[in-house]
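Following: one structure in structure tokens, then a few remarks.
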Amino acid sequence: MKANLIDGKALAAAVKKDAAEQVAALQAQGITPCLAVVLVGEDPASQVYVRGKINDCAQCGIQSRSVRLPETTTQAELLAQVQKLAQDPAVHGILVQLPLPPQIDEKAIIEAIPPEKDVDGFSPVNVGRMQIGEPCYLPCTPAGCIRMIESTGTQMAGKHAVVIGRSNIVGKPAAMLLLAKNATVTICHSKTENLQELCASADILVAAVGRAGFVTGEMVKRGAVVIDVGINRGADGKLHGDVDFEAAAEKASWITPVPGGVGPMTRAMLMLNTVEAARRAAGV
Ligand code: NDP
């Protein structure tokens, strides 16, 4: 391996330390940030994510409120829960763990979270504000990716950044944030022609595809910064990224591992958004 490792765990620890310091300062003013985490059903991966987020809150001194609802919860019941949390002044951030069971319209639930408590940054108002460069809550995964690139000292301005994936929660916002850093951005997706060539010309390559080992060594430009967002559980039961790590690490200058890369950073960014939400609610 020739590339330097972007250590997501270490970076996340530093972000959480920063969040904890901010929480301590807020507590001195009588404000305790609080995140409500809503989980519907028993999806094992979602349960792991929710547990992780609640642990992170504890580490940062953020209060957490865990709302567990059965798999059979109706749209109206979930909406009522979200509205209750929306009206509760002690709750600063609301996170509804996705995916939701099929009887529930995800879009309607996300829209029911008031923008000022939308610490995931998924609501249309936050997405729009990000698009036009207004203050907002940035979606945690893409914001974490940007922090990771910044940690390498790489200048994004003028560089060719290629994002593989155009989902609303990762690909599109990652591309927007790279654009805001003045990178020249190409977004690739399942209909893209010449995907290999486009990726091989990327100074910064962000993979958010959801397919283990999708990015091969040939798709990585020598010296590129490679951010692997993918989390894919293999037949071996282990987590794999979207990038063939060994091959890519031979050519990249910097690369994120999976696990221990974007995942921990995503969670850490959620803590920062929650602290920010508490600060804004209190007007301090
Ligand atoms: P989605 O399934 O919503 O999006 C995947 C994207 O990849 C789509 O835009 C799709 O294109 C594109 N794609 C799929 N196949 C190909 C292909 N053969 N060639 C080119 N593009 C392709 O996934 P998410 O964005 O939600 O997540 C992506 C990955 O990131 C997943 O592994 C997920 O688990 C992981 N993830 C990790 C997080 C973290 O904290 N580390 C947080 C969130 C997600 P099209 O639009 O044309 O269908």
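The values are calculated or read from the model by the stated rules, or taken from the named source; none is laboratory data. In this text, all values refer to a predicted model and were calculated from it rather than measured experimentally. Cβ atoms come from the backbone with ideal geometry, glycine included; neighbour counts cover every protein chain shown. To get the accessible areas, we keep the full protein, side chains included, count just its heavy atoms, and leave off ligands, DNA and RNA. Shrake-Rupley method; radii C 1.70, N 1.55, O 1.52, S 1.80 Å.
For the reader, a short list of remarks on this structure follows.
- For segment 231-273, residues that are within 16 Å of the ligand (Cβ to nearest atom), open to solvent by less than 10 Å² (accessible area, probe 1.4 Å) and either touching a Lys or Arg at 6+ places or on another chain (Cβ under 7 Å) or over 21 Å from Asn4 (Cα atoms) (or both) total 5.
- Selection count, segment 1-31, where residues are more than 23 Å from the chain's Cα centre (by Cα) and open to solvent by 50 Å² or more (accessible area, probe 1.4 Å): 8
- Segment 229-251 - residue that is touching a helix residue (DSSP H, G or I) at 6+ places or on another chain (Cβ under 7 Å) and in contact (Cβ under 8 Å) with a residue 40 or more places away in the chain and, of those, nearest to Arg166 (Cα to Cα): Val229
- Within segment 137-161, tally of residues that are among the hydrophobic types (A, V, I, L, M, F, W, C), assigned to a loop (DSSP other than H, G, I, E, B) and either within 28 Å of Ile110 (Cα to Cα) or open to solvent by less than 40 Å² (accessible area, probe 1.4 Å) (or both): 2
- Of all residues in segment 1-30, those satisfying the criterion of being touching a residue at least 40 places away in the same chain (Cβ under 8 Å) and not hydrophobic (A, V, I, L, M, F, W, C) are Lys2, Asn4, Asp7, Gly8, Lys9, Lys16, Asp18, Gln22, Gln29.
- Members of segment 233-261 that are among the acidic types (Asp, Glu) and modelled with pLDDT under 95: Asp236
- Single residue of Gly213, Gly230, Gly223 found to be farther than 30 Å from Cys136 by Cβ and in contact with a His (Cβ under 9 Å, 6 or more places away or on another chain): Gly213
- Of note, Thr216 does not satisfy the criterion of being touching a residue at least 24 places away in the same chain (Cβ under 8 Å) and near the ligand (Cβ under 9 Å from one of its atoms).
- The residue that is least open to solvent (accessible area, probe 1.4 Å), counting only those in segment 162-200 that are away from the ligand (no atom under 16 Å from the Cβ) and either touching a residue at least 24 places away in the same chain (Cβ under 8 Å) or under 19 Å from Met265 (Cβ atoms) (or both), is Ala183.
- Against the test of being out of contact with any Lys or Arg (no Cβ under 9 Å at 6 or more places or on another chain) and either of a type in the set (Val, Ile, Thr) or touching a residue at least 40 places away in the same chain (Cβ under 8 Å) (or both), the options Pro33, Pro99, Pro44 yield a single qualifying residue, Pro99.
- Residue match in segment 118-130 (condition: more than 18 Å from the chain's Cα centre (by Cα), within 27 Å of Lys172 (Cβ to Cβ) and open to solvent by 30 Å² or more (accessible area, probe 1.4 Å)): no
- None of Val206, Val226 is touching a residue at least 60 places away in the same chain (Cβ under 8 Å), aliphatic (A, V, I, L, M) and more than 13 Å from the ligand (Cβ to nearest atom) except Val226.
- Any chance Pro264 is at pLDDT 95 or above and assigned to a loop (DSSP other than H, G, I, E, B): no
- As for segment 37-50, it holds at least one residue that is among the β-branched types (Val, Ile, Thr), assigned to a helix (DSSP H, G or I), under 20 Å from the mean Cα position of the chain (by Cα) and modelled with pLDDT under 95.
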